[in-house]
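Data block below; observations after.
The values are calculated or read from the model by the stated rules, or taken from the named source; none is laboratory data. The structure displayed is predicted, hence computed values, not measured ones. So basically every Cβ, Gly included, is an ideal-geometry build from the backbone, and we count neighbours across all protein chains shown. These area figures cover heavy atoms from the full protein model, side chains too; ligands, DNA and RNA do not enter into them. Shrake-Rupley method; radii C 1.70, N 1.55, O 1.52, S 1.80 Å.
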Amino acid sequence: MLQGIMSTHTNAKRIEGLDHNIWVALTGLAADPSVVNLGQGFPDLPPPSYITAALAKAVSVDRMNQYTRSFGHPALVNALSQVYGKVCERPIDPLKEVLVTVGGYGSLFCTMQALVEEGDEVIIIEPYFDCYIPMVKMAGATPVLISLKLVKPNPKKQSGLTSADWVLDPEELASKFTSRTKAIIINTPNNPTGKIFTRDELQMISDLCIKHDALCFSDEVYEWLTYKGHQHIKIATLPGMWERTITIGSAGKTFSVTGWKLGWSIGPEHLVKHLQTVMQNTIYTCSTPLQEAVAQGLVRDYERLGQPDCYFSSLAAELEDKRDRMAAILREAGMNPILPEGGYFIIVDVTPLNEAYDLKFVKWMIKEKKLAAIPVTAFCGEASRSRFEKYIRLCFIKRDETLDAAEDIIRNWKN
Amino acid sequence: MEGTICMPSRYGRPIIMSRQMHARRLEGIDKNIWVEFTQLAADYQAVNLGQGFPDFAPPKFLQEAFCKAVSGGGLMHQYTRAFGHPSLVTILAQLFGRLVGHEIQPLEDVLVTIGAYQALFCTFQALVDEGDEVIIIEPFFDCYQPMVKMAGGKQVYMPLRPRGGSNLSSGDWVLCAEELASKFTAKTKAIVINTPNNPTGKVYKTEELQVIADLCIKHDVVCISDEVYEWLTYDGAKHVKIASLAGMWERTVTIGSAGKTFSATGLKVGWAIGPSRLIKHLKTVHQNSIYHCPTAAQVAVAEGFQTEYDRLGHPESYFQQLPTLFTHKRNKLAACLEIAGLRPTLPEGGYFMIADISSVSFDSDDSISQDEPLDYRFVKWLIKKKGLAAIPVSAFYSPEHGKEVQNYVRFCFTKEDSTLNAAEDIMKKWASEK
C-alpha cells in the first residue's frame with residue numbers, strides 16, 4: 001500500500017466554481033435508452049450521405065492522416081472564404097480572417113481567451129447558451145446580463161406566441177454598456193428561444209457597440225435553420241461592424257454532425273490573429289480528415305446555395321415540418337409553445353401540466369414520463385429564474401419515430 | 001495612442017478602435033517557430049525532416065477501424081461523452097493500468113483530449129496559478145514554455161547536459177542531481193518531464209526518474225509526464241512510467257497521444273491519465289473550452305488499442321514492429337549525417353535525433369541574418385542551399401540558455417525510405433563538394 005505525503009494540490013483560481021455543469025447531470029439521466037430524448041441538442045437523423053462519404057474517403061488518403069495547417073486546413077478555409085464571402089458580400093482572406101476550431105464551442109473559447117480579460121465586462125443576453133458565463137468567468141471578466149422579455153401579446157392576435165415576441169428593451173440595453181464593456185455576445189438564431197434578431201434589433205446593438213467601442217461576438221451556429229418568412233442577418237455586415245465582430249459557425253450544426261466538433265471564427269485580421277495565437281497555444285491543429293470532409297461538403301452546397309437541393313435549405317424545410325408538428329403536439333395538450341423563427345429548439349410553458357417547475361420537474365419527467373427536456377433556467381442567471389422557471393426546452397431535430405413517441409407521452413400525460 | 005487601429009471605412013469616415021483589444025495573457029506567446037520553418041521548407045520544396053510527423057501511411061488496422069466507425073451510422077456522428085468515449089476510456093484504463101501497476105478508473109482517472117497538446121493545455125490551466133513555478137527540463141518541446149506563461153506561471157529551467165566524452169547517445173545527456181534539487185522552491189507547483197524526449201531522444205532510466213520522484217515527493221510537487229513517444233524505444237531501452245514509482249501515482253498526470261502511437265498525427269486524439277483528484281480539474285478546463293472530442297476518431301482509436309492490447313508483446317504487435325522499423329531508419333539517417341561531417345547523438349527513443357554542427361562549415365549569404373543564432377543560420381542555409389529541412393535546437397531552449405547552445409540541429413527520421421534516400425543523396429553530394 002503506497003503511502004505518500006497528503007498532497008495539497010489545489011486547482012488554479014481561474015476554474016474555481018466552474019466545475020458544475022448541468023449537461024453532465026442531465027445527459028446521464030437521459031442516457032437510459034427507454035427515455036425519449038428531446039433534451040440535448042443533437043439530431044438522431046442521419047447526416048447527409050455525401051458528407052460521411054467524404055470523411056470515409058479522406059481517411060483512406062495517407063497524407064490526410066497527418067498534421068495540417070494550424071489555423072485551418074487549406075481546403076476548408078478556402079471553402080469557408082468562398083461561402084461566407086458570398087453570404088457577407090465581401091472578400092474574406094482564408095488565411096488571415098478565418099480560424100478553424102474544435103466546434104463552435106472552441107471558437108467561443110478562443111474568442112474569450114484572446115479578447116477578454118480581468119477588468120472587462122461582457123454583456124450576455126438571457127436566455128443564453130450556458131457556456132458563455134463560465135467562459136467569460138474563466139477569462140477573468142464579469143458577465144453583465146440582460147433578459148429578453150415577453151412582450152405582452154396583443155389580445156386581438158389570433159395566432160400563438162412566437163420567438164419574435166421576446167425582445168430587448170432598448171433603454172435597458174443601453175444602460176448595460178459601461179466604459180468597461182469589452183464585448184456583447186449575441187446568438188442568432190437563438191438557443192433556446194429560436195429568436196432571429198431583426199435588422200432593427202441588430203442595428204440597435206451595433207449602434208451601442210460603435211458608440212462604446214465594444215466588440216461583438218456573434219454565435220451563428222444555427223444560421224441556416226430559418227423558417228418561412230424569416231431571414232438570418234449577419235451583424236458583421238452592418239456598417240461599422242465587420243472590424244469589431246467575430247462571427248462563429250459550426251459544421252456540426254450545418255451538416256448534422258455534432259460529433260465532428262469542427263467550427264470556425266470569421267472576422268477582421270486584427271482580431272482573428274489573436275484567436276490564432278490562442279489556437280497555437282492550446283490545440284494547435286484540428287483533425288485533418290474531418291476538415292477535408294467538411295471542406296468537400298461546403299463546396300458541394302456552395303454550388304447549390306439558394307436552391308432547394310442545397311442541404312442548408314432542405315434541412316430547414318424538413319425541420320419546419322417537425323417544428324410545426326412539435327408545436328401542434330404541445331398545443332393539443334393545452335400548452336402554449338413559443339414558435340421558434342429559427343434553430344432546432346422550442347420552448348414551452350408547462351403550467352398546464354400542473355406540476356412543479358424547473359429542474360425538479362424535468363428530472364421527474366425523465367424518470368416518470370420517460371421524456372427528456374432541458375429546463376430553460378439552465379440558460380439564465382439567478383436573478384431571472386422566476387421569469388424562466390416555467391419553461392422547458394425541447395429539441396425537435398429528431399426522427400419521426402422519436403416525435404411519435406413524444407406525442408404519445410404528451411397526449412397521455414394525464415393518465 | 002498605443003493600440004489604436006485606424007480602419008478605412010466604406011462610409012468615408014475612419015473607424016477608430018482606441019483600446020487594446022487583445023488580452024494580456026497573449027503577450028509574448030504569439031511567435032511560433034513552426035509557422036516560420038514550415039513555410040520556408042514549403043517555399044524551397046525541401047526534403048522535410050523538420051516537423052515531426054510520418055510521411056508514410058498509418059497501419060491498415062487503424063485506417064480500417066476509422067472507416068468502420070465513419071460508416072457506423074447511428075450516433076457515430078453525434079456528440080459522445082464529454083470526457084471521453086466509453087470504449088476508449090475503458091481500453092486506456094485497462095492498458096495503462098496494467099503498465100503503471102495501479103488500477104485506473106475509466107470514468108474518473110482518464111480525460112480524452114484533442115491530441116496530447118490539449119491535454120498539456122488542460123493540465124497547465126487546471127493546476128498552474130499566477131506566480132506558481134514550473135520546472136521545465138531543457139531542451140523541451142516548445143509549447144511548454146508559452147503554455148506555462150499563458151497560465152501565469154513562472155518557468156524555471158533545468159538543463160540536460162551532455163556529459164564529457166564522445167556523447168554519441170542520448171543516454172549521455174543527463175541531469176545533475178544537485179542542480180535539479182536547487183530548482184525546487186516553496187513556489188514550485190509542477191515539473192514537466194518528457195520521456196522519450198523530444199528533441200534529444202533520451203529515454204529516462206528508472207534511477208533518473210527516481211531522483212525526480214524523490215524531489216516531487218519531498219516538495220509536494222505535481223509531475224506532468226509527457227509520454228507521447230512511449231512505444232518508440234530502441235536498442236532495448238525500456239520506457240519507464242514515473243507514475244509507477246512509489247508515491248507518484250497520486251501526484252502525476254501522464255499524457256499520451258494516439259497520433260504518435262498509431263503514426264496518424266492528423267487524428268488529434270490524446271489523453272491525460274492520473275488520480276481523479278487532479279484529473280477532475282482538467283475536466284473542468286475541458287468542459288469550459290472544448291467540451292467534446294470527435295466521436296468517430298475516438299471509436300477508431302479504441303478499436304486500435306483493443307487490437308494491440310490483445311497482442312501486446314507479440315511479434316505481430318504494431319508496438320513491436322514500429323520501433324524495429326524506426327531503428328533502421330534512425331541508423332540510416334545517423335550514417336548519412338556523419339557522411340556530411342555532422343555528429344549525431346543516437347536517440348534511445350522517439351522521432352528525432354540531434355546532430356552537432358560545430359565541425360561543419362557553411363557559407364551563409366546575405367539572405368540569412370548574421371544576428372541569428374548559429375543553428376538558425378545553418379538550418380536556413382540547409383533549406384535554401386541544400387533543399388533539406390531540419391529544426392534548430394536552440395528553439396527548444398529558454399531564451400536565456402538558447403544562446404549557450406547553438407550548435408545542434410534536430411532531424412526527424414520517421415519518414416519513408418524514399419525521403420531518407422533523398423536526404424542521403426543531398427548529404428553525399430554535399431560531402432563530395434568539400
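List of remarks:
- Against the list (1) touching a strand residue (DSSP E or B) at 6+ places or on another chain (Cβ under 8 Å); (2) within 11 Å of chain A (Cβ to nearest Cβ), the condition B:Lys280 fails is (1).
- Comparison of A:Val87, A:Val35, A:Val59 shows that the only residue that is more than 29 Å from B:Ala126 (Cα to Cα), in contact with a strand residue (DSSP E or B) (Cβ under 7 Å, 6 or more places away or on another chain) and of a type in the set (Val, Ile, Thr) is A:Val35.
- Only one of the listed residues (A:Ala293, A:Ala328) is out of contact with any strand residue (DSSP E or B) (no Cβ under 8 Å at 6 or more places or on another chain) and more than 24 Å from A:Ala251 (Cα to Cα). That residue is A:Ala328.
- Filtered residues of segment A:1-46 (kept if among the hydrophobic types (A, V, I, L, M, F, W, C), modelled with pLDDT of 90 or more and under 21 Å from A:Lys261 (Cα atoms)): A:Leu38, A:Phe42, A:Leu45
- Residue, surrounded by the most Cβ atoms within 10 Å (Cβ to Cβ), within segment B:224-253, restricted to residues that are more than 14 Å from chain A (Cβ to nearest Cβ), of a type outside the set (D, E, K, R) and in a loop (DSSP other than H, G, I, E, B): B:Tyr229
- Residue match in segment A:79-91 (condition: aliphatic (A, V, I, L, M), out of contact with any Lys or Arg (no Cβ under 9 Å at 6 or more places or on another chain) and either within 14 Å of chain B (Cβ to nearest Cβ) or open to solvent by 10 Å² or more (accessible area, probe 1.4 Å) (or both)): no
- The residues listed here are B:Gln94, B:Gln105; of these, the one that is of a type in the set (S, T, N, Q) and either within 11 Å of chain A (Cβ to nearest Cβ) or closer than 28 Å to B:Gly349 by Cβ (or both) is B:Gln94.
- Summed over segment A:278-309, residues that are open to solvent by less than 10 Å² (accessible area, probe 1.4 Å), within 23 Å of B:Leu26 (Cα to Cα) and facing another protein chain (nearest Cβ under 10 Å) total 7.
- Strands (runs of 3 or more DSSP E) wholly inside segment B:77-194 that include at least 3 residues being of a type outside the set (Phe, Trp, Tyr), at pLDDT 95 or above and more than 26 Å from B:Val393 (Cα to Cα): B:110-113
- Among the residues of segment B:290-299, those identified as under 14 Å from B:Ser257 (Cβ atoms) and in contact with a helix residue (DSSP H, G or I) (Cβ under 8 Å, 6 or more places away or on another chain) are B:Ala297, B:Gln298.
- Qualifying residues in segment B:42-74 (those that are open to solvent by 60 Å² or more (accessible area, probe 1.4 Å) and of a type in the set (Asp, Glu)) - the one farthest from B:Phe319 (Cα to Cα): B:Asp43
- Residue among B:Pro146, B:Pro199 that alone is in contact with a helix residue (DSSP H, G or I) (Cβ under 6 Å, 6 or more places away or on another chain) and either more than 24 Å from B:Trp249 (Cβ to Cβ) or open to solvent by 30 Å² or more (accessible area, probe 1.4 Å) (or both): B:Pro199
- Restricted to segment B:70-91, and to residues there that are farther than 20 Å from A:Tyr105 by Cα and among the β-branched types (Val, Ile, Thr), the residue that is nearest to the other protein chains (Cβ to nearest Cβ) is B:Val70.
- Tally of residues being part of a helix (DSSP H, G or I), under 17 Å from A:Trp413 (Cα atoms) and hydrophobic (A, V, I, L, M, F, W, C) across segment A:333-369: 6
- Some residue of segment B:342-362 being of a type outside the set (A, V, I, L, M, F, W, C), in contact with a Lys or Arg (Cβ under 7 Å, 6 or more places away or on another chain) and under 17 Å from B:Leu232 (Cβ atoms): yes
- Single condition B:Val35 does not satisfy, out of (1) at the interface with chain A (Cβ under 9 Å from one of its Cβ atoms); (2) open to solvent by less than 60 Å² (accessible area, probe 1.4 Å): (2)
- A:Lys261 being more than 15 Å from A:Ile184 (Cβ to Cβ), basic (Lys, Arg) and buried (at least 24 other Cβ atoms within 10 Å of the Cβ): yes
- Residue in segment B:203-212 that is crowded, with 24+ Cβ neighbours inside 10 Å and not in a loop (DSSP other than H, G, I, E, B) present: yes
- Selected residue [more than 30 Å from B:Pro54 (Cα to Cα), away from chain B (no Cβ under 14 Å) and in contact with a helix residue (DSSP H, G or I) (Cβ under 6 Å, 6 or more places away or on another chain)] from A:Pro94, A:Pro47, A:Pro143, A:Pro127: A:Pro127
- Among the candidates B:His85, B:His77, B:His22, residue that is free of Cβ contacts under 8 Å to residues at least 12 places away in the same chain and crowded, with 19+ Cβ neighbours inside 10 Å: B:His22
- Taken together, the residues in segment A:273-316 that are closer than 29 Å to A:Tyr227 by Cβ and either in a loop (DSSP other than H, G, I, E, B) or among the β-branched types (Val, Ile, Thr) (or both) amount to 10.
- Single unsatisfied condition, A:Lys398 versus (1) assigned to a loop (DSSP other than H, G, I, E, B); (2) open to solvent by 10 Å² or more (accessible area, probe 1.4 Å): (2)
- Taking segment B:153-182 as the range and being without any contact (Cβ under 8 Å) to a residue 60 or more places away in the chain and open to solvent by 50 Å² or more (accessible area, probe 1.4 Å) as the test, the residues that pass are B:Lys154, B:Arg161, B:Arg163, B:Gly164, B:Gly165, B:Ser166, B:Cys176, B:Glu178, B:Ser182.
- A:Val116 vs. criteria farther than 21 Å from A:Leu238 by Cβ and either open to solvent by less than 30 Å² (accessible area, probe 1.4 Å) or away from chain B (no Cβ under 14 Å) (or both): yes
- Of all residues in segment B:352-373 being closer than 17 Å to B:Val393 by Cα and charged (D, E, K, R), the one that is surrounded by the fewest Cβ atoms within 10 Å (Cβ to Cβ): B:Asp371
- When segment B:295-320 is filtered for residues that are without any contact (Cβ under 8 Å) to a residue 60 or more places away in the chain, within 24 Å of the chain's Cα centre (by Cα) and open to solvent by 10 Å² or more (accessible area, probe 1.4 Å), only B:Gln320 remains.
- Comparison of A:Thr188, A:Thr198, A:Thr254, A:Thr193 shows that the only residue that is within 26 Å of A:Arg323 (Cβ to Cβ), within 20 Å of the chain's Cα centre (by Cα) and either open to solvent by 10 Å² or more (accessible area, probe 1.4 Å) or of a type in the set (D, E, K, R) (or both) is A:Thr198.
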